[in-house]
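*Asks:* Quick one: structure below, then a few questions.
The values are calculated or read from the model by the stated rules, or taken from the named source; none is laboratory data. Treat the numbers as computed from the prediction; the structure is a model and nothing was measured. Just the protein is used for accessible areas: all its heavy atoms, side chains included, with ligands, DNA and RNA removed. Shrake-Rupley method; radii C 1.70, N 1.55, O 1.52, S 1.80 Å.
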Amino acid sequence: MRSEKIKSNGGRAQAVHRAIKRAILDKALGPGVKLPEDSIGEQLGVSRTLVREALVRLSEEGLVELRPHRGAAVATPSLEEGHHLFITRFALERLVAETLSGRLSKEQAHELAEHIAAEEAARHGQDAASIRLAGEFHTLLASMTGNATLIRYVNELVSRSSLILALYGRPHSSECAVSEHREILDALVAGETSRAAHLMVQHLESITTRAVLPRDGQNDIRNVLARYATAEGLG
């Protein structure tokens, strides 16, 4: 019974982390928005301890700032931090492209093609889904390298990029992003390493000119988290 309870708590902890993270990545909770443990716990139907654990983990991922005596808030990175982040991302994702070029299995290529098709379909639906899928294309590519260190850092950089774009980007064009992903995949499958690496860097450079969702900053955190709680089986 005790082990089942621990397992259950562990599952709920993961769900709390995912719910808050997705709300941030979807821009439902924008940069600088306060994240009170009691309000989040009340909305998600969990203890403040689980919320605190999630916020600590999110701070380690660069998505949340833990401020002494002022509580947690969605991170607000500076423009200089964004510049450094994208320079690092260019290098790491170029390495991803070079690693995968000509080495994708048929199954992997099919999975990536299906993901791009899902991105295409999402363009005509909710913006948040389109944004999330666009980022997941990059983390999916990284996961296929089998390099645990590379996977970890690309995942973190992709997540933090969304905050930079929310603060400093310009209007987003999902159509362009989908076509760019398709071109990258074609180059990887063909084993055109130089072209694949060039397309990846070019794509990331274009991302820096795009924002993803308008921010109104007026949503109450309980209302914002309601749909994410339902998606994660919380509340």
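*Asks:* Ignoring ligands, DNA and RNA, please state the percent of accessible area on the range 64-133 from carbon and sulfur, probe 1.4 Å.
*Replies:* The computed percentage sits at 55.
*Asks:* Residues of the range 44-147: accessible area per residue at 1.4 Å, in Å²?
*Replies:* Accessible surface, normalised per residue, equals 51 Å².
*Asks:* With the alpha-carbon atoms as the only input, what is the per residue convex hull volume for the range 115-157 in Å³? Mind dumping the intermediate values first?
*Replies:* Numbers: hull volume 2.1 nm³, N = 43.
Considering the Cα atoms of the range 115-157, their hull volume per residue is 48 Å³.
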